[in-house]
Amino acid sequence: MAHYLLIHGSWHGAWCWYKIVPRLAAHGRVSVVNLPGRGRDPAVPAEVGLSRMVDAAAAYLVDGEKTTIVVHSRYGVVASALAERHPERVCRVIYLASFMLPADDCVAQWSMSDRDSLVPANLQLSSSEYWDWLKPEAHVDALYADCSADDVSLARTLLCREPSRPAGEPLRLSADRYGQVARAYIRLTEDRAVSPALQDRLIEASPPQRVESISASHSAYFSQPDRLTETIMAIDRD
């Protein structure tokens, strides 16, 4: 039976996959991680680095079993680092409008160069407490432009400040470990958080084996759960 591990993006938690979990569960076993600092894993942001996030996700991998990872937005770096650490346990990584970075790069350098994104201009940062937060007035336009009012209301009650240290940490990858794991990318063509232009630059900088596109804003797991699940399954059958 297939095993899927879903990794959320910044400010979100495991809850954001609530429509995808039952749809994927028809095709295999599904695990969903809360990265440190949210949900049932509260943490002081200053104490959360990339390694701690990778530890949290690695707890869902199983010896002797290959897992397909689906990762959203900022935490493509967690999935990449997890594939580097445990290539024997990872079948493939599917990056959903996500930071699929080349070795030695970091999220901050790429995200701040995204001229078409609404995030940099609306980002609040605490340099003393090591967190960042998207201003509420930008939530809909940046993250949920095509989502229902119900989903936006749910998100507003659950979004949290994001530990900022991982975004500045260089990603350590090697050809003989991470390089052996299959990768695919799902572009979100209406995204205003990780813009299509940045997504294309990421794909060019670190080409995956397969690229698919969905006409959706940043939170396709809310607005197009059926299409997203179908795309994940099509990639996983390849």
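Within the range 1-17, being over 14 Å from TYR60 (Cβ atoms) and free of Cβ contacts under 8 Å to residues at least 40 places away in the same chain holds for one residue alone: MET1.
Residue pairs whose Cβ atoms lie under 7 Å apart, separated by 6 or more positions or on different chains, with the first residue in the range 177-205 and more than 14 Å from LEU118 (Cα to Cα) and touching a residue at least 40 places away in the same chain (Cβ under 8 Å) and the second among the basic types (Lys, Arg) and open to solvent by less than 50 Å² (accessible area, probe 1.4 Å), are VAL181/ARG92; ALA182/ARG92; ARG183/ARG92; ALA184/ARG92; GLN199/ARG187. Could you identify the single residue in VAL54, VAL71 that is open to solvent by less than 10 Å² (accessible area, probe 1.4 Å) and free of Cβ contacts under 8 Å to residues at least 40 places away in the same chain? From the options VAL54, VAL71, the qualifying one is VAL54.
Remark: pairs (first residue in the range 122-136, among the aromatic types (Phe, Trp, Tyr) and open to solvent by 90 Å² or more (accessible area, probe 1.4 Å); second residue modelled with pLDDT of 95 or more and part of a strand (DSSP E or B); Cβ separation under 8 Å; 6+ apart in sequence or on different chains) = TYR130/PRO163. Answer yes if at least one residue in the range 220-235 is part of a helix (DSSP H, G or I), of a type in the set (A, V, I, L, M), closer than 23 Å to ALA14 by Cα and touching a Phe, Trp or Tyr at 6+ places or on another chain (Cβ under 9 Å), and no otherwise. Yes, the conditions are met somewhere in the range 220-235. None of SER153, SER215, SER219 is free of Cβ contacts under 8 Å to residues at least 40 places away in the same chain and in contact with a strand residue (DSSP E or B) (Cβ under 9 Å, 6 or more places away or on another chain) except SER215. Of the residues making up the range 23-39, not a single one is over 26 Å from LYS135 (Cα atoms), without any contact (Cβ under 8 Å) to a residue 12 or more places away in the chain, part of a helix (DSSP H, G or I) and of a type in the set (D, E, K, R).
The values are calculated or read from the model by the stated rules, or taken from the named source; none is laboratory data. Bear in mind that the values here come from a model prediction, so they are computed numbers and not experimental data. In this analysis, Cβ positions are derived from the backbone assuming ideal geometry, glycine residues included, and neighbour counts consider all displayed protein chains. Quick note on the areas: whole protein, heavy atoms, side chains included, nothing else; ligands and nucleic acids left out. Shrake-Rupley method; radii C 1.70, N 1.55, O 1.52, S 1.80 Å.
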